[in-house]
Amino acid sequence: MFPMTIIIKGAQIIDGTGKPPTVADVLIKGDRISAIGDFSAKKAEEVIDLRGTGAFLTPGFIDVNTDSDHYLSIFTNPEQENFLLQGVTTIIGGNCGSSLAPLIRGTLESIRKWTDTDLINVNWQSVAEFLSELEKIKLGVNFGTLIGHSTVRRGLLGEIPRDLSAEEMRVVKNLVEKGLEEGAFGLSTGLSYAHAKMTPYLEIKTLTEAVAKYKGVYATHLRNERSKIAQSVEETVKVAKENGLKAEISHLRPILGFEREFEEALKLIDESLTDADVTFDAYPFDSSVVPVYTLLPSWARHGNLEKMVELLKTAANRERIIGDMPKLTGEEITIAAAPKNEFLIGKTLKEFSENQGLSPLEGVIRLMRVTNLRAVVFYRNVNFDYLKKALGHERCIVASNGGAMPAGRAGIAAEKVLNHERSYNTFPKFLEIVSGENQMPIEKAVNKITGLPARKFGIKDSGIIAEGKCADLAVIQNNKISAVIVNGKIAVKNGEFQNVSAGKVLRRK
């Protein structure tokens, strides 16, 4: 049986390398780009004619910071339609210290802050077993994973955050190495979360020695994203230099009130360019999506959710917490998920608090108690003007930090959640900002979402348009996505999902 052929005619090709567009036809056979040239007289099973449309043909976008595994929707909503419709053909999971493998005890404690872990049955432990299980599912996008530091650490230690012993360090390092051998793309940490925030530098340095050995990526949710963001970036730059490591800072944002500190952090990244491979990712929106417990002051974020809930039961503790929290009007926070209290979804903190006869700070404490700290909120806390400048930084990769939401299928009950725009509009929004403000040439913008992340994460044969490379492609017309091809199959046509799931499970090579 001959492979399917597709010809894309008259394409303005932006190849993902940062070079200006060139016009040519592209011939696809099977899952590869077969040739680039003049095929105006050639026939194929599918023809996409872009002549005279002003459309651009680019590599499929690569989103290196996604949460579909954290929400378990990689299983419950494997089509990942929201990514395809914005031009994304490849996603990376396992970010912010939490992954779905390796599992020491076969449980998913590290993702409890994002979703209901009873949505699926877990029948794997190792990275290899997890990836093999995913291969039984028809995925809409290509998927690769990092190893979550907290996933491994909590699997070994349980719910007690403490330093690793020498023997435990050896065990964790061996698990990281094994996971890398089995195809993980690197290691991630979530250093601002309760279970990892006291992780000593020595532990990070020791574990990332394994990552450097396998030429993987170290991705980190910084230890402090506000007053000490510069020190947190400095820690990341230091380990990248000392271990000769590729480092990625996750969702770097200028938090309101800490713009000066953010500028200091960017300066440190600038100064590292000559001797360290440090990049960061960002999304073009002014709000963060955070588990509600992260609004607690740092001294109160200790232990597991149950211990923090216990802390909230004491009036003296609640009073102290309110005194140490940032001032809130309530309008900057919207409730996105509230397990067993779904009627709260979509309400602002102001609405919730006024309905309870409480101040906004008293209201957020009540929300924490009502949801047992399982709520997720949209928090409008980002300086958008500073953020737009950061998107143009030489070392910025654009990534959504979003995911597909769980969907009911095959008897699986889905959680009710409010979907943030970053999960379905990150890349069109970025392209709209770039073109509207002439911030950078279109070829540089495309490089930030194709060639640069492919190179950084070592995603083989992806991120560029060239003969022999993967036929993962997107067509951009007026900053909107009109067509998407995944592994040689048309998944989006005329801006509509075609119910085609042609994604593959990726392994680091």
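The values are calculated or read from the model by the stated rules, or taken from the named source; none is laboratory data. Nothing here was measured: the structure is a model prediction, and the numbers come from that model. Please note: Cβ atoms are built from the backbone with ideal geometry, for glycine as well, and neighbour counts cover all protein chains shown. Please note that ligands, DNA and RNA were not included when accessible areas were found on the heavy atoms of the full protein model with its side chains. Shrake-Rupley method; radii C 1.70, N 1.55, O 1.52, S 1.80 Å.
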Which pairs do you get when a residue that is surrounded by 21 or more Cβ atoms within 10 Å (Cβ to Cβ), found in the range 265-285, comes within reach of a residue that is of a type in the set (Ser, Thr, Tyr) and assigned to a strand (DSSP E or B), reach meaning Cβ atoms under 7 angstrom, with the pair 6+ apart or on two chains?
-> none
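Filter the range 21-47 for residues that are β-branched (Val, Ile, Thr) and open to solvent by less than 30 Å² (accessible area, probe 1.4 Å); which is farthest from Gly403 (Cα to Cα)?
Ranking the candidates gives Val26 first.
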Selection within the range 1-38 - more than 17 Å from Ala491 (Cα to Cα), outside any strand (DSSP E or B), at pLDDT 95 or above and not β-branched (Val, Ile, Thr) = Asp15, Gly16, Gly18, Lys19, Pro20, Pro21, Asp38
Please enumerate the residues belonging to the range 192-224 that are in a loop (DSSP other than H, G, I, E, B), touching a strand residue (DSSP E or B) at 6+ places or on another chain (Cβ under 9 Å) and crowded, with 24+ Cβ neighbours inside 10 Å.
-> Ala196, Gly216, Leu222
Taking the range 357-377 only, how many residues are within 22 Å of the chain's Cα centre (by Cα) and either charged (D, E, K, R) or surrounded by fewer than 21 Cβ atoms within 10 Å (Cβ to Cβ) (or both)?
-> 1
Among the residues of the range 201-212, is there at least one that is modelled with pLDDT under 95 and closer than 22 Å to Phe280 by Cβ?
-> no
Looking only at the range 319-353, and only at residues there that are in a helix (DSSP H, G or I) and touching a strand residue (DSSP E or B) at 6+ places or on another chain (Cβ under 6 Å), the one that is surrounded by the fewest Cβ atoms within 10 Å (Cβ to Cβ) | Leu344
